[in-house]
Amino acid sequence: MTDSDNTAAETHPSGLTRRTLLAASATTALGIAVATPAQASHRPAPKLPEGAFALGVASGDPLPEAVVIWTRLAPEPLRLDGTGGMPPEAFPVEWEVAEDERFRKIVHRGTQLARAEDAHTVHVDVRGLRAEREYFYRFRAGGQISPVGRTRTAPVPGSRSARVRFAVACCQRFTDGYYTAYQDMLRYEPDLVFHLGDYFYEKDNGPGPVGRQHLPIGECMALPDYRVRIAQVRMDPDMRAIHASAPFVVTFDDHEVSGNYAGDIPETGQGADATVEEFRLRKAAAYKSYWEHMPLRSAQRPNGADIQLYRRLSWGKLATFNVLDTRQYRSDQVTDAGSPEAYDPSRTILGSRQERWLLQDLQHSNTSWNVLAQQVPFFADPDIAHPEDKWDGYRAARENILRGMASNPKCHPVVLSGDIHKNRAADLKRDFSNPASETLGVEFTTTSITSSGTIGVDETVTAKFDPVPATPHLRFEGNGRGYVTVELTPNQLRADFRAVNTILSTSSPASTVASYLSDPDRPGLRRA
C-alpha cells in the first residue's frame, strides 16, 4: 500500500487506474508539509484550530481491493467565506484503516495534505484491502482525532456473494425537518447507501417549521455559497452518523446546482437570462463543492463545469451497479411530455457517450441483477408533476434503454429512482402503453428524506396498491417521508418501503408500509 496525493490522472468512469507515487509523498508520510528553505526558516508550522472534524467522516464507492475514505478539516463549517474557519495553509492529515474498531489490527496507514483550494478536504483511495471485508477508519491532524467510521469492500468479480443489502435515499431539504429516517436506516445496517440526488437545495425557502434556516441566506450562486450549504447538511448529527456507518454511492440531481437545469441550460426563473458562460461558472462552483464533500475518487474530480459522475461498481456475480447522470448531458425539457417532440430520437437524457456505455453493459451483463441508480422516474403517471423532466420527456432515449434490456435475457434490471417525494413500485414493461407486453424488470422510487410539498405539515403515510387501472404496471404508490431498503440474493430481490411518523421531531418511530419480491427468472413484482 502506498500513500497517494490523489493527483494522478484517472480517465475511466470506474476510477480503476494505477496511481504514481509523488516524490512529495515520502515527506508528507512523515507528517511534514513541504516548504521552500525560505518558508521553513521564517514561517512557523500553522496551528490547527480546535474542533477540526466537525463534519465527521465518510466512505464510498467500494471496490474489491479499495474504498474511498473522506473527511474535511472545518472547525467553523458555516463560516460564510467558505473556508470552514481554516487558515490558508495546507495541513497533513494522517489516516488509518483497521480490521477492528479499537484499531489493534491496523492494515494500512498514511498521510495526505488537506489543501485550502479543496476546502481542506481529504479523499483517500485506500488500496490493497481484502475483498468483502468490514473495516474501520479514522483521521488525525494537529493532535485531534476524528470519529471512527465503518466501511466495507466489495466481493471479487465473479465470486458468488450470498447477498447485498442496501438503502436508497434522496431529497433532503434541510429546512423541511429533521433527518429522522436516517436513524431508522442505521438500525437496518446496510452494506451500501445509494443517494440519488438533491442532497441539499440551492434555493432558500426561508425558516422551516422546526426553526432550521438555510445558510447562506439566499440562493447559492458562488463556490463559498455551495460549500456552506452542503456543510450545513453534513453537520447534522443523523447525517454524520449514517455516513460513518456505511459506504455511500452518490449521484446528484438538479438542486445541487439549479432546479430542473438541463446541461448548460438553467431552469426558467432561476437565472434563465444568464449566458451559457455564466451558468457554467455556477455549475463549476457547484460541482467542485459537491466533489469536495463526497467520498468520491479523483476520477470524479470536476474539470471546471464538467464532472465524470457516471460510473460502474460490481458486487461479485450478484449485482452490477450502474450509477447514472441524467442531468449533465440532457437535452432541454419539452413543454409537453406527450408531444411528438418527446419522441424525437435526437433528444437525449444521458448523452450519447453515457448511453453507449450503459447499453454495452445491459446487453452483455451476466450478473444476477443489474441495478441502475439514477435520479428521475423511468415512467411517469398522471399524478407526477413535471413529467417532461422525467424519462417520459425523453421517450426515444428510454426506448433505447428498454431495447437494450430486452436484448439480454440475463440483464435482470432493477431501476432505482427518486425526485418525486413519493414511494412507487412498478414493473418495467417493454412497452408501457401495452399491459400485455413483456415485463423486463422492476423499478423502485424512493420518497424523500425530508423534502415535502406542504412545508410544516407531516404528510400522512399512505399506501395504495395497484392504484391506477390505466397503468397496471404501477403496483404501489404512497406518501410520507422515508427511504427504501433492498436485499439481493442470487435467487430473489426484496424491497421494503420504510416511512417515519414525523420529521418535525428529532426522533420518530418508523414502519414498513409495503414490501415486494422479485426473482431473476420471473421478472415483475409480487407482494411479500
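The values are calculated or read from the model by the stated rules, or taken from the named source; none is laboratory data. Bear in mind that the values here come from a model prediction, so they are computed numbers and not experimental data. Heads up, the Cβs are rebuilt from the backbone with ideal geometry, glycines too, and the neighbour counts pull from every protein chain shown. When the accessible area is computed, the model is the full protein with side chains, heavy atoms only, and any ligands, DNA or RNA have been set aside. Shrake-Rupley method; radii C 1.70, N 1.55, O 1.52, S 1.80 Å.
What is the spin-label model distance, in nm, from Arg527 to Glu438 if the labels are put 7 Å beyond Cα along the C-beta direction?
If labels sit at Arg527 and Glu438, their model points lie 2.9 nm apart.
Go from 0 up to the bin containing the longest alpha carbon distance in the stretch 207-345, width 5 Å each, and give me the % of pairs per bin.
Pair shares across the bins are 2, 8, 15, 19, 18, 16, 11, 7, 3, 1.
Which percent of the accessible area of the stretch 77-136 is formed by carbon and sulfur heavy atoms (probe 1.4 angstrom)?
44 percent
Evaluate E = 1/(1 + (r/R0)^6) for Gln213 and Glu267, where r is the Cβ-Cβ distance and R0 equals 35 Å; express this FRET efficiency to the nearest 0.05.
Once rounded, the FRET efficiency stands at 0.90.
Given a cut-off of under 8 Å on Cα pairs at least six residues apart, what relative contact order in percent is computed for the chain?
It rounds to 14 percent for the chain.
Size of the stretch 423-528 along its principal axes in angstrom, Cα-based, largest extent first?
Per principal axis, max minus min of the Cα coordinates gives 44, 32, 17 Å.
Which net charge results when you count Lys and Arg as +1 and Asp and Glu as -1 among the other residues whose beta-carbon is under 10 Å from that of Ala66?
Charge balance in the 10 Å sphere: -1.
Taking R0 as 56 Å, what's the FRET efficiency between Arg130 and Val276 from their Cβ-Cβ distance, rounded to 0.05?
Taking R0 as 56 Å, the efficiency between Arg130 and Val276 is 0.75.
Give the percent of DSSP beta bridges with both residues in the chain that are antiparallel, rounded to the nearest 5.
If we restrict to bridges inside the chain, about 80 percent are antiparallel.
Once you put a point 7 Å from the Cα of Glu487 and another 7 Å from the Cα of Lys105, both along the Cβ direction, what distance in nm separates them?
Rounded to a tenth, the inter-label distance reads 2.6 nm.
Taking every pair of distinct Cα atoms and averaging 1/r, then inverting, what Kirkwood hydrodynamic radius in Å comes out for the chain?
Every distinct Cα pair counted, the radius reaches 23.5 Å.
Return one whole number: the accessible area per residue of the chain in Å², for a 1.4 Å probe.
On a per-residue basis, the chain sits at 38 Å².
Out of the trypsin sites (Lys or Arg not before Pro) in the stretch 75-110, which ones are loop residues according to DSSP with at most 14 other C-beta atoms within 10 Å?
Those satisfying the criteria are Arg102, Arg104, Lys105.
Among Ser451, Gly110, Tyr516, which residue has its Cα furthest toward the positive end of the charge dipole of the chain, with +1 on Lys/Arg Cβ and -1 on Asp/Glu Cβ?
Gly110
Write down the radius of gyration of the stretch 219-284 and its Dmax, each obtained from C-alpha positions, in Å.
Values for the stretch 219-284 (Cα only, Rg and Dmax): 14.3, 43 Å.
Quote to one decimal, in nm, the extra length available between Asp81 and Ile145 on full extension: 0.36 nm per residue of separation minus the C-alpha distance between them.
Working it through step by step, the gained length comes to 20.5 nm.
Treat every Asp and Glu Cβ in the chain as -1 and every Lys and Arg Cβ as +1, leave all other atoms uncharged, and give the resulting dipole magnitude about the Cα centre to the nearest 20 debye.
Using Cβ point charges on Lys, Arg, Asp and Glu, the chain gives about 1760 debye.
Assigning unit charges at the beta carbon (Lys, Arg +1; Asp, Glu -1) and nothing else, what dipole magnitude in debye, to the nearest 20, does the stretch 247-331 show about its Cα centre?
Dipole size: approximately 580 debye.
How large, in Å, is the stretch 66-212 by the Kirkwood hydrodynamic radius built from its alpha-carbon pairs?
17.9 Å
Give the accessible area for Arg475 in Å² (nearest 10); use a 1.4 Å probe, count only protein heavy atoms, and leave out ligands, DNA and RNA.
50 Å²
Can you give me the solvent accessible area of His386 with a 1.4 Å probe, rounded to the nearest 10 Å²?
Only protein atoms counted, so the area is about 110 Å².
Could you tell me which trypsin sites (Lys or Arg not before Pro) in the stretch 174-217 are loop residues by DSSP with no more than 16 other beta carbons within 10 angstrom of their beta carbon?
Lys203
Ratio to report: Rg/Rh of the stretch 54-143, with Cα atoms as the point set and Rh obtained by the Kirkwood method; give two decimals.
On the Cα set of the stretch 54-143, Rg over Rh gives 1.01.
Using only the alpha carbons of the stretch 298-393, determine the length spanned along each of the three principal axes and report them from longest to shortest in whole angstroms.
Its Cα atoms span 42, 36, 23 Å along the three principal axes.
Quick one: accessible surface of Ile217, probe radius 1.4 Å, all protein chains present, in square angstrom to the nearest 10.
Its accessible surface works out to 130 Å², give or take rounding.
Which percent of the accessible area of the stretch 398-528 is formed by carbon and sulfur heavy atoms (probe 1.4 angstrom)?
Roughly 47 percent, rounded to a whole number.
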